[in-house]
1. With everything on Cα atoms, drop me the angle between helix 398-415 and the longest principal axis of the chain, reported from 0 to 90° to the nearest 10.
2. Between the range 368-408 and the range 118-158, how far is it from one alpha carbon centroid to the other, in angstrom?
3. Helix 22-42 versus the longest principal axis of the chain: what angle, 0 to 90°, nearest 10, using Cα atoms?
4. Give the label of the value calculated from the structure for percent of Cα pairs over 36 Å apart, choosing from [x] 51; [y] 57; [z] 40.
5. For residue 468 and residue 442 in the same chain, what is the full-extension length gain: residue separation times 0.36 nm, less their Cα-Cα distance, in nm?
6. How much of the DSSP beta bridge set in the range 509-600 is antiparallel, as a percent to the nearest 5?
7. Round to the nearest 10 and give me the degree value, 0 to 90, for the angle of helix 545-554's Cα axis relative to the longest principal axis of the chain.
8. Among 424-435, 593-604, 255-266, how do they line up from the highest to the lowest mean number of other beta-carbon atoms within 10 Å?
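Laboratory data are not the source of any read-out in this text; all were calculated from the coordinates shown. Keep in mind the model is a prediction, meaning the values are calculated, not measured. Don't worry about glycine lacking a Cβ; one is built from the backbone with ideal geometry, like all the others, and counts go over all protein chains shown.
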């Protein structure tokens, strides 16, 4: 089958974004069928389910009693090469449902019967010569000889559930990659290795930033002191920027009544992604009147706004919170910090008049661009995430959606941003402007979002008293420059390869004595630095100088200050930085001044 199951993603290293040409799609889709054919020839007991092309490759899910081994993958690859060299034609047929059912029963493939139930007549079938076939709509190459055997590779085996349902049969998924040329495959492997080096899960452990514990639960990160410093620096940075721009800080609870999320529409449209309800008794549970861990902050901020009748003079009102929310992600979807169950959003909700909407939206975008600049995130596009008119998952009137989408279009046009539209990517209550960032390996991430919302003010009956004394509805702007703080940190770890800029590094400088004699001096200097807000450590490990320097390099600390008898006598530090190398001996007072300036200006030392 050519359609991937919903909610079923591998635990993966994020790989380079590629331009998926039609040729590559055909190669990858055909290669998936070749793999399935090879598997069933080698392991006749294996049942096939689905096998689509995906970014960078393909996969197929199999129901097989024994697990696939590394040796099995090598054997399957050899069989695939034989099939490719036979130059088997890809033959498409359209048959009736009854005929498709007859053929499936003939080969005793129960999964195909279940897939058949979801297909519309006529049924499309693709055959590889006369030896093997599957229900499929394509696309495919003309024959297997069009695929270069030296440009394909089988990679891993992972677990998967039939139909993405953990209550159904556990399957085995074989992932592979396929390209047009061996050179493309070699480049893919090179970038994959580079991605592995940058993997935030690996670097996060090596740098001592965060961890996961089975005793706590999957998708719930624990932040170490260094990781907590990193979070705090990012939070403080954005809080300062927000205060300059008139945002008002608020704090809201981690749980709320189900009824609150029924009014917002989250319960009806987002229930499967929310953690199960907590009810005080069976009657409350039966009436769905319990509590849930909040998946969003907006209904809480709405309650703060609604606490009293507002005047137009109070608008725009900008409420901001680093609010922790919870999403019931399936275990197979979790991936380090980039996909977790509990995460913190730099959330803000602006309540504005129609006259204020355009300017406030532009101000929010300006804040997001300022954040990106400080974080050195330069390569991004703006995605206009609009509703798909053919879908019924959205709430609110056509008029409200048209107004909201129009505001986003005007902002993008005013700013002349590099942008594209994506139907179907809107939130259920409103369209979004999402920022899609491309990192050092040309991997694609979503960072920062702004949403225009006419629907929640209507559902919660929000009002303000206009200048003419008439009560009117405000418009809401939802915005999050970071998005998930956890995901942002995971992305930054990989973007910087763990080499954080000086202002952001958990430990900014380490002072290393040549011998124990200099220890009192470096401890005194480290304390002076800490008083000035410089994150400094004094190395009291007693290790030899060479090993202390290597340890500091391994920890990717931006600045090392080596201190011997000469430095103590001259009240100076011998400075070495990761950014600029050896800087020589510099007076302590000058080092303190330069470091505080670098932090204030968010620059490297």
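1. 60 degrees
2. 37 Å
3. Here the helix axis deviates by roughly 60 degrees.
4. Label [x] holds the value from this structure.
5. Working: separation 26, 0.36 × 26 = 9.36 nm, distance 5.29 nm.
Full extension of this stretch gives 4.1 nm more.
6. Details: 10 of 18 bridges.
About 55 percent, rounded to the nearest 5.
7. 50 degrees
8. Details: 424-435: 22.2, 593-604: 14.6, 255-266: 18.0.
Descending mean neighbour count gives 424-435, 255-266, 593-604.
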